[in-house]
Structures are given as structure tokens and as C-alpha cells.
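Here is the structure we will look at, set down as C-alpha cells.
The values are calculated or read from the model by the stated rules, or taken from the named source; none is laboratory data. Model, not experiment: these values are computed from the prediction. Virtual Cβ from ideal backbone geometry, glycine too; neighbours counted across all protein chains shown. Keep in mind that these areas ignore ligands, DNA and RNA; they rest on the heavy atoms of the full protein, side chains included. Shrake-Rupley method; radii C 1.70, N 1.55, O 1.52, S 1.80 Å.
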Amino acid sequence: SETCSLCNAEINSVAACQAGKYKDKPTSTMPCNDCPVGSGTGLVTGSITETDCKADAGYTGEGADVTACEAGKYKNVAVSNAACDECEKGSSTLRGAATVNCVQCTPGKYATESGKSDCDNCALGKYATQSGTTDCTECPQGRSTVGVGSVSKSNCSIGTPYVACAVNQAADDKGECV
């Protein structure tokens, strides 16, 4: 029948691949392959090699070498083998970020370098009161915090940090938590 001959002609044709697919041998009647995960060809059809598959947003590379952006990096451009961009100092993001969604470090944390996967806690004797901090402030001389990640100068107590106060509390000069 005419319907069956059309079906067989379509199956055996050397048709160009649809967008998001490629064919290793353009003259082959084999089916087209899907681009690797995290990549595509955009609106381009007829791709003939796996390297025609470029990284999606949140990924970098082409073909079999496509990888997710590392934590602390992002890429908001699709169908590109461009490198991932780093988050600014004072911020971080998760692996595979497809948008500029770098999150500022919360109070008590900091990031001195760009491209950080996570913000670090302020060390003993230091604090950070604002978001997006690139460094923590030292407690006044003779004072220290009782733990890491302090969010206020009021967390700085007199003497060494041996008084175990609750988070966001500090020991006064009598050694009592306030």
C-alpha cells in the first residue's frame, strides 16, 4: 500500500537530525543520537558530530565533555561551550547554577575569594554583622567570641572564649551569659 511505502521511505531516509540530536555519519540511515545530558544544539538541525552539542545554561563544554558548573560558579548562556563564571566575593552558589543566583553570605559568614561553593564561618574572636561580607571584623583587644560564626560585636566577651553561652549571647565581665 502507499502508506507502508511512505513509512519505509521515512525509516530508511538520510534525513537531517532534529534539534538536540546528532548523527555521527550524516549519510547513515541509522537513527539520530540524543545530545549528552546538559547539552543541545539550540534550534540548529542537521548536526553531524557529538561536538555540535554545546553546553546548556549551568553547564560548560561540548559533546562528551559537558560538565555541570562547579559550586561557586554559574553559566546563564545556553548552547555554548563557554566557561562558567565565578560568583563575586562575599557570595556563593550551588553546583550547576544556570542563572546568576549567587547568594550573599549571611551575617556571621564571609567569602574572601570569588567562586566559593559555600561561605565560611567567622573564626573565634571575629564577627560579621552584614550579608555579603568578604572578611570578618576582629573583636576589640582583650575580647573574643565563644564560638565561630558570630553575628555581632556584642558576641565579643572579655577574656578567652571558655564561657559556653548560647548562640548570639556573650559572656559579660563576670563570666555570665547575656
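Of all the residues in region 65-77, those that are open to solvent by less than 50 Å² (accessible area, probe 1.4 Å) and among the polar types (S, T, N, Q) number 0.
Residue by residue, here is whether (1) at pLDDT below 95; (2) assigned to a loop (DSSP other than H, G, I, E, B); (3) touching a helix residue (DSSP H, G or I) at 6+ places or on another chain (Cβ under 8 Å); (4) of a type outside the set (Phe, Trp, Tyr) holds:
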| residue | (1), (2), (3), (4) |
| --- | --- |
| THR99 | yes, yes, no, yes |
| THR106 | yes, yes, no, yes |
| GLU113 | yes, yes, no, yes |
| ASP118 | yes, yes, no, yes |
| ALA123 | yes, yes, no, yes |
| GLY132 | yes, yes, no, yes |
| ASP135 | yes, yes, no, yes |
| VAL146 | yes, yes, yes, yes |
| SER154 | yes, no, no, yes |
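Please identify the pairs in which a residue from region 88-103 that is under 16 Å from ALA128 (Cβ atoms) and in contact (Cβ under 8 Å) with a residue 40 or more places away in the chain has its Cβ atom under 7 Å from the Cβ atom of a residue that is open to solvent by 40 Å² or more (accessible area, probe 1.4 Å) and of a type in the set (Val, Ile, Thr), counting only partners at least 6 apart or on another chain. Matching pairs, first to second residue: LYS89/THR112; LYS89/THR134; GLY90/THR134; SER91/VAL103. Condition check: under 20 Å from the mean Cα position of the chain (by Cα), farther than 30 Å from ASN168 by Cα and of a type in the set (Val, Ile, Thr). Does VAL103 satisfy that? Considered against the rule, which asks whether it is under 20 Å from the mean Cα position of the chain (by Cα), farther than 30 Å from ASN168 by Cα and of a type in the set (Val, Ile, Thr), VAL103 comes out as no. On the stretch given as region 88-112, residues that are closer than 24 Å to VAL148 by Cα, crowded, with 20+ Cβ neighbours inside 10 Å and not aromatic (Phe, Trp, Tyr) total 9.
What about LYS73, is it closer than 21 Å to GLY132 by Cα, at pLDDT 85 or above and under 20 Å from the mean Cα position of the chain (by Cα)?
So LYS73 fits the description; yes.
Checking each residue in region 48-64 for being open to solvent by 50 Å² or more (accessible area, probe 1.4 Å), at pLDDT 90 or above and more than 30 Å from ALA111 (Cα to Cα) picks out GLU50, THR51, ASP52, LYS54, GLU62, ALA64.
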